[in-house]
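The values are calculated or read from the model by the stated rules, or taken from the named source; none is laboratory data. Source: prediction; values computed, not measured. All Cβ positions, glycine included, derive from the backbone under ideal geometry; neighbour counts span all protein chains shown. Surface accessibility is based on the protein's heavy atoms, side chains included, excluding ligands, DNA and RNA. Shrake-Rupley method; radii C 1.70, N 1.55, O 1.52, S 1.80 Å.
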Amino acid sequence: MTTHITRAQDRGLKDIGWLQSNFSLSFSSYANPVRAGFGLVRVFNDDFVAAGQGFGLHAHANMEIISVLLAGSMNHKDSLGYSEVITPGGVQIMSAGSGLRHEEYNVGDDQVNFLQIWIEPKLQNVTPRYQRRQFPREKRHNQLVTIISNEEGTAHCWINQNAKLSLGYFEAGKTLDYAFKPLNKCLFIFCISGKLALADQELNARDSIGIWETDQISVHCETESEFLIIEAPINH
């Protein structure tokens, strides 16, 4: 097993007043050759957006773009005709494909916090697609729930890549055993809150760990904890 940890305080930071972005991987003005990406995961941002502020209309193409809303209320509008408000536990994906435009704004009174994740697609220039699902915390109690996969289904979102994202919310003392097919696969685990012990390491809130060259991992929750696991291809 090989691992690489990024501590919360060691992430890149961009603070422009209305937006505070914490970069676990290189993005925008933060360039770190050791953290240029992890497998086909290219972006992992922990974003905080002030009330009434947001990202104006802009374009994307050939990227799988994922948002996991942790706090606040954020609207989504895009050139596909979707217009809706995302609340905590909400997960949305954009398979940008041949191209789309979108905007995201904080439409509540409180600060928005969401995870922004970009994964390289399996196929280029596919028809653009948007999807949203809701995963309330109480329905993830002491279990790991698949929120995104490469398979179509009604219970989760699906993307144009052989990847899987799962959210867990566990009581203190619980242990999760996670197994996966290791061929061309790696794991990226982000501790949203609490304290985790895994791979002879401890993760505190907003720490992350990359794991490869193994086919299983045990995650022990030393306190009540919420975390995200990304199982992603290492290369195309």
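May I ask you to list the residues in the range 132-145 that are among the hydrophobic types (A, V, I, L, M, F, W, C), open to solvent by less than 40 Å² (accessible area, probe 1.4 Å) and more than 21 Å from MET74 (Cα to Cα)? Before you say what the answer is, go through the steps one by one.
Filtering the range 132-145 down to residues among the hydrophobic types (A, V, I, L, M, F, W, C) leaves 135, 144-145.
If we keep only those that are open to solvent by less than 40 Å² (accessible area, probe 1.4 Å) too, we end up with 135, 145.
Matches in the range 132-145: VAL145 only.
Conditions: (1) more than 21 Å from TRP158 (Cα to Cα); (2) free of Cβ contacts under 8 Å to residues at least 12 places away in the same chain. GLY81 meets all but one. Number of the miss?
Unmet for GLY81, out of (1) more than 21 Å from TRP158 (Cα to Cα); (2) free of Cβ contacts under 8 Å to residues at least 12 places away in the same chain: (1).
Is it true that GLY194 is touching a Cys at 6+ places or on another chain (Cβ under 8 Å) and either open to solvent by 10 Å² or more (accessible area, probe 1.4 Å) or of a type in the set (S, T, N, Q) (or both)? Working first, answer last.
Numbers: touching a Cys at 6+ places or on another chain (Cβ under 8 Å): yes; either open to solvent by 10 Å² or more (accessible area, probe 1.4 Å) or of a type in the set (S, T, N, Q) (or both): yes.
Judged against the criteria, GLY194 is a match.
Being more than 16 Å from the chain's Cα centre (by Cα), small (Gly, Ala, Ser) and either open to solvent by less than 70 Å² (accessible area, probe 1.4 Å) or over 26 Å from LYS139 (Cα atoms) (or both) is the filter here, so list the residues in the range 79-93 that pass it. First the steps, then the outcome.
Kept after step one, since they are more than 16 Å from the chain's Cα centre (by Cα), are these residues of the range 79-93: 79-85.
Adding the requirement that they be small (Gly, Ala, Ser) leaves 79, 81, 83.
Scanning the range 79-93 gives SER79, GLY81.
With a cut-off of at least 3 residues that are open to solvent by 30 Å² or more (accessible area, probe 1.4 Å), name the strands (runs of 3 or more DSSP E) lying wholly within the range 32-73. First the steps, then the outcome.
Details: elements: 41-49, 54-60, 64-71.
By residue number, 54-60.
In the set ASP78, ASP109, which member is in contact with a His (Cβ under 6 Å, 6 or more places away or on another chain) and among the acidic types (Asp, Glu)? Give the derivation first.
Numbers: ASP109 fails: in contact with a His (Cβ under 6 Å, 6 or more places away or on another chain).
Answer to the selection: ASP78.
Return the residue satisfying two criteria in turn: it lies in the range 197-236 and is on the phi > 0 side of the Ramachandran plot and open to solvent by 70 Å² or more (accessible area, probe 1.4 Å), and of such residues it is modelled with the lowest pLDDT. So that I can check it myself, show each step before the final result.
Our first condition is that a residue be on the phi > 0 side of the Ramachandran plot; within the range 197-236, this holds for 199-200, 206, 213.
Next, only the ones that are open to solvent by 70 Å² or more (accessible area, probe 1.4 Å) stay: 200, 213.
Working: ASP200: 92, GLU213: 95.
Out of the qualifying residues, it is ASP200.
I'd like to verify a number: residues in the range 131-145 that are in a strand (DSSP E or B) and either under 16 Å from the mean Cα position of the chain (by Cα) or of a type in the set (A, V, I, L, M) (or both), how many?
Our first condition is that a residue be in a strand (DSSP E or B); within the range 131-145, this holds for 131-134, 141, 143-145.
Filter once more, so that each one left must be either under 16 Å from the mean Cα position of the chain (by Cα) or of a type in the set (A, V, I, L, M) (or both): 131-134, 144-145.
Matching residues across the range 131-145 total 6.
Per-residue answers, yes or no, for (1) of a type in the set (S, T, N, Q); (2) in contact with a Pro (Cβ under 7 Å, 6 or more places away or on another chain); (3) more than 22 Å from GLU120 (Cα to Cα); (4) not in a strand (DSSP E or B):
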{"residue": "LEU183", "(1), (2), (3), (4)": "no, no, no, yes"}
{"residue": "CYS191", "(1), (2), (3), (4)": "no, no, yes, no"}
{"residue": "ILE209", "(1), (2), (3), (4)": "no, no, no, no"}
{"residue": "THR214", "(1), (2), (3), (4)": "yes, yes, yes, yes"}
{"residue": "LEU228", "(1), (2), (3), (4)": "no, no, no, no"}
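Could you please give the count of residues in the range 102-131 that are open to solvent by 30 Å² or more (accessible area, probe 1.4 Å), aromatic (Phe, Trp, Tyr) and farther than 22 Å from SER193 by Cα?
Adding up the residues that qualify gives 1.
Does the range 146-167 contain at least one residue that is part of a strand (DSSP E or B), surrounded by fewer than 15 Cβ atoms within 10 Å (Cβ to Cβ), out of contact with any Phe, Trp or Tyr (no Cβ under 9 Å at 6 or more places or on another chain) and among the polar types (S, T, N, Q)?
Scanning the range 146-167 turns up no residue that is part of a strand (DSSP E or B), surrounded by fewer than 15 Cβ atoms within 10 Å (Cβ to Cβ), out of contact with any Phe, Trp or Tyr (no Cβ under 9 Å at 6 or more places or on another chain) and among the polar types (S, T, N, Q).
Can you tell me how many residues in the range 168-225 are touching a Phe, Trp or Tyr at 6+ places or on another chain (Cβ under 6 Å) and without any contact (Cβ under 8 Å) to a residue 12 or more places away in the chain?
0
Specify the residue that is surrounded by the fewest Cβ atoms within 10 Å (Cβ to Cβ); the eligible residues are those in the range 9-31 that are among the hydrophobic types (A, V, I, L, M, F, W, C) and within 15 Å of the chain's Cα centre (by Cα). So that I can check it myself, show each step before the final result.
Pass one, the range 9-31, residues among the hydrophobic types (A, V, I, L, M, F, W, C): 13, 16, 18-19, 23, 25, 27, 31.
If we keep only those that are within 15 Å of the chain's Cα centre (by Cα) too, we end up with 23, 25, 27.
Numbers: PHE23: 23, LEU25: 24, PHE27: 21.
Residue satisfying both the conditions and the ranking: PHE27.
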